[in-house]
1. How much FRET efficiency would the formula 1/(1 + (r/R0)^6) give for residue 154 and residue 215, where r is the Cβ-Cβ distance and R0 is 45 Å, rounded to 0.05?
2. Report the gain in length on full extension from residue 222 to residue 241: 0.36 nm times residue separation, minus Cα-Cα distance, nm rounded to one decimal.
3. Using alpha carbons only, how many angstrom separate the centre of region 146-195 from the centre of region 228-307?
4. Given a Förster radius of 25 Å and the C-beta distance between residue 21 and residue 120 as r, what FRET efficiency does 1/(1 + (r/R0)^6) yield to the nearest 0.05?
5. With a ≥ b ≥ c taken as the square roots of the eigenvalues of the C-alpha gyration tensor of region 1-130, please select rounded if a/c is under 1.5 and otherwise prolate if a/b is larger than b/c or oblate if it is not?
6. Dimensions of the chain along principal axes (Cα, Å, largest first)?
7. Can you give me the Cα centroid spacing of region 101-139 and region 324-339 in angstrom?
8. Fewest Cβ neighbours within 10 Å first, please rank 330, 372 accordingly.
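Where a number appears in this text, it was derived from the coordinates with a stated rule and is not lab data. Please read all numbers here as calculations on a predicted model, not as lab measurements. Neighbour counts are summed over all protein chains in view; Cβ atoms, including those assigned to glycine, are modelled from backbone coordinates with ideal geometry.
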């Protein structure tokens, strides 16, 4: 395993992994929400994800379904966790680091989250590797598992994100995204009208929640196109505010029993201005709010984004994974279920961009590892220039 890379002819840039290696395979602590999920939490989440399924916000509609009331979308498990669901992978102090998401993998086990449920997380740091990247030189890729259960002990989901940790100053110096910096794209009225039409057509594609029949779905079938955007400071802020742990006083710290020196809320090694002030936040909420002070401020502040190599306001990996899950779940309908989703993030959604989401059935698996038939759907997200930002391979249960 290489732990260094030559950044230029004059110096060798290294990642200090001394606080990472000994934590491998250990259980991890983190934040635990105080209160159960409620209907307002659910509505706030689907509004932020631009997900219009009435099952998740319209009480009158939901009462007429087999569920009898509003339920949370499958994607919401990440919003009921701490730290955008990455605490189990962001383990170890690395001086001068920053982090972005590299991908997410999810499994769902058939129990829906309803208002009044409270998710409890069990976390473990499972793996890492170091690679040399054009973006930042020596770059650490870390993975971890989180098991999500409700207050009754029912298994809801398992998540495994990949986080990418790198030296912020090295990424700033290399400036890979500098060419995309500058003013966000300005859209003409005609272009916005076309985007709005695609957006609305997807909204109307399955509002009733009808599920396709597994036998009738064919390899090569294409899902209705979805579009999200144009992304803006307002939309990035709305997404951030839908993660419940970002609300002042919404969680407490918890550590796994029996683990020596467990990772809970230690400093990851942020550069100045990107860490929280936990003590000060007992008085001033902005000191615990990542958009004012903390790791997420680069998402909505160009100057701060430049300090970590991004050079323009940009979106969140956790929400891109949620877009994929919601897209599939809307197509699958009330009697379908997304069982497995593996998303690889190829690039950020920058301010001013739009994200087009396209899906295609690439396989039908009659005898799956789940014990029942599933369809395999490949999802690709691209921006207005045709650049791929996310690819995902997914397994969806349909009635058969």
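1. Details: r = 30 Å, r/R0 = 0.67.
The formula returns an efficiency of 0.90 here.
2. Values: separation 19, 0.36 × 19 = 6.84 nm, distance 3.29 nm.
Gain on stretching residue 222 to residue 241: 3.6 nm.
3. Using only Cα atoms to place each centre, the spacing works out to 15 Å.
4. Details: r = 28 Å, r/R0 = 1.14.
The pair residue 21/residue 120 has a calculated efficiency of 0.30.
5. Note, shape of region 1-130 comes out prolate.
6. Here the spans come out as 62, 54, 45 Å, largest first.
7. The two parts, judged by their Cα centres, are 20 Å apart.
8. On the way: 330 23, 372 14.
If I rank by nearby Cβ atoms, fewest first, I get 372, 330.
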